[in-house]
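The values are calculated or read from the model by the stated rules, or taken from the named source; none is laboratory data. Here the structure is a predicted model, which means the values were calculated and not measured. Please note: Cβ atoms are built from the backbone with ideal geometry, for glycine as well, and neighbour counts cover all protein chains shown.
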Amino acid sequence: MSPERSSKIRGEFCIESRAEPGGVVIFGASGDLTSRKLMPALFNLYRRNLLPRNFYVLGCGRSRLTDEAFAFHVRDEFGRIAEFHSDPRLDDFLRQCYYSTGDYDDPAFYDHLRERLGELDGRHATGGNHLFYCSTPPSVYAAIADRLSGAGLAAEGEGGRPWRRVVIEKPFGRDLQSAAALDAELHKVLRERQIYRIDHYLGKETVQNILMFRFANAIFEPIWNRRYVDHVQIMVAESLGVDHRAGYYEKAGALRDMFQNHMLQMLSLVAMEPPTSFDADHVRDEKVKLLRALRPFDPGRANETLVRGQYGPGAMGGKEVPGYLEEPGVDPQSTTETYLAMRLMVDNWRWQGVPFYLRSGKRLCRRVSQIAIAFKPVPHSMFSPIAPEEFEPNLLLLNVQPDEGVSLRIQSKHPGPKLCMSALTMDFTYREAFEEEPPEAYERLLLDCMLGDQTLFVRHDDVIVSWALMTPVLEALADPARQIPLCSYDPGSWGPKEADELLGRDGRVWFNP
Ligand code: BG6
């Protein structure tokens, strides 16, 4: 399908392609992700004419539902979204939604699936293209791929037509070994080009904007290095606790939940070398190269390079909130970290000596994700008696959420006295510039799956390298002999005070919005 290009004014380019005909099969269709994210994303693509006419959705799950009951359930869930409910295209969309009841483990289900898909492909003239979305526990990913292959549903035709693609969500394994084992299982029946590993952070507009910001402007790249950058901070703070996800979170913790994936993905986009083109493998080659340049974790210096924490009980917004240990489903003796801060170093020419400080935690002061590029102070002050250290160094903030945008802190003359200056910020916000909310990450990602564009998906070597980096950290955290403290922090704070000391020792402070 050829891309549609519209160019309204100089400097504005919009290139978007409509998905190819195909059927989207969702395993785990009665689950939360399907109703909260996947179906709304698909309907939004439909409303924006980015789905072809020859398209259908087949939900699959253990719940016994008819096609009509599934469509009813989707409509009901859409009730929360005002503009969906009143959209006249909703009925048409729902007529293209079907459901099959089945057990992912049962080979007989896949025989049924093959027949059902054959019938739906005929009805909708999709050419037999299938996207299988595993919205299931990760433990069944390999089995689903294997059963799809057994039923003849995984193999692509000649020249990749019809295409068969499988989407999986993190976690991709629990450590290096299990991640490698999962890949080996998947690669038995699928080629890498058929596997779409989602890290939803890569679908966020502002995360994609890192690439445009760095490589579609000439003025930033020359200063994006150790000569001008003092350090970088990457933060994902959440105000919610573990909620109803204790079962999963107890076995994960902040390192597996956020660091191995979202945090390292953002770091690699911020720090990688310029790819030659916006081609999936060119971009992903550079990301992996960057991850390979990260200095391996030294367990002997754990206390200098990381701080882990767990939220205690307290109050937020005037309401009592339980500590992590009192959350339903959490072991009262649990040592699972709900906060982690790390200092990482990149051993290459561009970044030698520039620390990257990463932190992420639950029950923090605010929900905010942000990347801060802190520049070096001016080398000399001509504004005597003001010393160079008294100027606030330039700071570039890439605001991932919720106030999506970019801001740059600069020193500026204050009106009035001859020698009077202060720091102010130049702000760009998506909301003001585009007068609309950025689309949901899943929209971009689902469309790209249907277009066969893997740029925003995590390649197998990326998963392996990131686990290779993080597995020694996990081992150190689990080893009592290392005596890495689990620091308590108050709900509504910015994390344990020990994390401030992590930067304080380097003469720096966290940028708390
Ligand atoms: C998920 C984690 O991957 O990302 C969650 O499992 C976390 O624990 C979530 O809350 C954060 O994503 P977002 O898009 O809300 O910042």
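Can you report the number of residues in segment 54-79 which are farther than 18 Å from A29 by Cα and either crowded, with 20+ Cβ neighbours inside 10 Å or without any contact (Cβ under 8 Å) to a residue 12 or more places away in the chain (or both)? Walk me through it before giving the result.
Of the residues in segment 54-79, the ones farther than 18 Å from A29 by Cα are 54.
Next, from what is left, pick out any that are either crowded, with 20+ Cβ neighbours inside 10 Å or without any contact (Cβ under 8 Å) to a residue 12 or more places away in the chain (or both): none.
Qualifying residue count, segment 54-79: 0.
When you check V242 against the structure, is it more than 16 Å from the ligand (Cβ to nearest atom), among the aliphatic types (A, V, I, L, M), farther than 22 Å from E404 by Cβ and over 13 Å from the mean Cα position of the chain (by Cα), yes or no? Outline the logic, then answer.
Values: more than 16 Å from the ligand (Cβ to nearest atom): no; among the aliphatic types (A, V, I, L, M): yes; farther than 22 Å from E404 by Cβ: yes; over 13 Å from the mean Cα position of the chain (by Cα): yes.
No; evaluated as a whole, the condition is false for this residue.
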Exercise. Tell me which residues, restricted to segment 123-137, are within 24 Å of the chain's Cα centre (by Cα) and small (G, A, S).
Key: S135
Quiz item: Give me the pairs: first residue in segment 103-122 and surrounded by 15 or more Cβ atoms within 10 Å (Cβ to Cβ) and β-branched (V, I, T), second residue in a helix (DSSP H, G or I) and modelled with pLDDT of 95 or more, beta-carbon distance under 9 Å, and six or more apart or on different chains, which are they?
Solution: none
Quiz item: Considering only residues of segment 340-368 that are of a type in the set (G, A, S) and in contact with an Asp or Glu (Cβ under 9 Å, 6 or more places away or on another chain), which is nearest to the ligand (Cβ to nearest atom)?
Solution: S360
Quiz item: Can you name every residue in segment 258-274 that is of a type in the set (A, V, I, L, M, F, W, C), more than 21 Å from G361 (Cβ to Cβ) and either in contact (Cβ under 8 Å) with a residue 24 or more places away in the chain or not in a loop (DSSP other than H, G, I, E, B) (or both)?
Solution: L269, A271
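Of the residues that sit in segment 10-32 and are in contact (Cβ under 8 Å) with a residue 12 or more places away in the chain and out of contact with any Phe, Trp or Tyr (no Cβ under 9 Å at 6 or more places or on another chain), which one is surrounded by the most Cβ atoms within 10 Å (Cβ to Cβ)? So that I can check it myself, show each step before the final result.
In the first step, residues of segment 10-32 are kept if they are in contact (Cβ under 8 Å) with a residue 12 or more places away in the chain; the result is 15-31.
Subsequent filtering for residues that are out of contact with any Phe, Trp or Tyr (no Cβ under 9 Å at 6 or more places or on another chain) retains 15-18, 31.
Working: I15: 9, E16: 13, S17: 16, R18: 20, G31: 17.
Filtering segment 10-32 for residues that are in contact (Cβ under 8 Å) with a residue 12 or more places away in the chain and out of contact with any Phe, Trp or Tyr (no Cβ under 9 Å at 6 or more places or on another chain), the one surrounded by the most Cβ atoms within 10 Å (Cβ to Cβ) comes out as R18.
Within segment 97-116, which residues are within 19 Å of S30 (Cβ to Cβ) and part of a helix (DSSP H, G or I)? Outline the logic, then answer.
Taking segment 97-116 first, the residues within 19 Å of S30 (Cβ to Cβ) are 97-106, 109-110, 112-113, 116.
Scanning segment 97-116 gives F109, Y110, H112, L113, R116.
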Self-check item: helices (runs of 4 or more DSSP H) contained in segment 1-96 and holding at least 1 residues modelled with pLDDT of 90 or more
Solution: 39-47, 67-78, 90-95
Quiz prompt | Search result, residues across segment 232-258 that are touching a strand residue (DSSP E or B) at 6+ places or on another chain (Cβ under 6 Å) and either aromatic (F, W, Y) or on the phi > 0 side of the Ramachandran plot (or both) | solution = none
Quiz item: Looking only at residues in segment 282-311 that are exposed (fewer than 15 other Cβ atoms within 10 Å of the Cβ), outside any loop (DSSP other than H, G, I, E, B) and without any contact (Cβ under 8 Å) to a residue 24 or more places away in the chain, which one is nearest to the chain's Cα centre (by Cα)?
Solution: H282
Exercise. Among the numbered conditions (1) in contact with a helix residue (DSSP H, G or I) (Cβ under 6 Å, 6 or more places away or on another chain); (2) surrounded by 17 or more Cβ atoms within 10 Å (Cβ to Cβ), tell me where T126 comes up short.
Key: (1)
Exercise. Write out, first by first residue and then by second, each pair whose Cβ atoms fall under 7 Å of each other, whose residues are 6+ apart or on separate chains, and whose first residue, in segment 312-341, is surrounded by fewer than 16 Cβ atoms within 10 Å (Cβ to Cβ) while the second is of a type in the set (K, R).
Key: none
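Table: residues versus (1) over 21 Å from L131 (Cα atoms); (2) under 27 Å from the mean Cα position of the chain (by Cα); (3) not small (G, A, S).
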position	(1), (2), (3)
E16	no, yes, yes
N44	no, yes, yes
A82	yes, yes, no
D92	no, no, yes
G102	no, no, no
D105	no, no, yes
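Checking the condition over 25 Å from L469 (Cα atoms) and in contact with a strand residue (DSSP E or B) (Cβ under 6 Å, 6 or more places away or on another chain), which residue from G312, G317 passes?
Working: G317 fails: in contact with a strand residue (DSSP E or B) (Cβ under 6 Å, 6 or more places away or on another chain).
Checking each option against the conditions leaves just G312.
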Quiz item: Looking at (1) among the β-branched types (V, I, T); (2) closer than 21 Å to K37 by Cα; (3) touching a helix residue (DSSP H, G or I) at 6+ places or on another chain (Cβ under 6 Å), which is the one condition that is false for T206?
Solution: (3)
Practice problem: With a cut-off of at least 1 residues that are acidic (D, E) and within 16 Å of the ligand (Cβ to nearest atom), name the strands (runs of 3 or more DSSP E) lying wholly within segment 130-237. | Solution: 164-169
Self-check item: Residue in segment 311-322 that is within 16 Å of the ligand (Cβ to nearest atom), farther than 17 Å from V207 by Cα and in contact with a helix residue (DSSP H, G or I) (Cβ under 7 Å, 6 or more places away or on another chain) present
Solution: yes
Quiz item: Out of all the residues in segment 205-217, is one or more without any contact (Cβ under 8 Å) to a residue 60 or more places away in the chain, under 20 Å from V465 (Cβ atoms) and buried (at least 18 other Cβ atoms within 10 Å of the Cβ)?
Solution: no
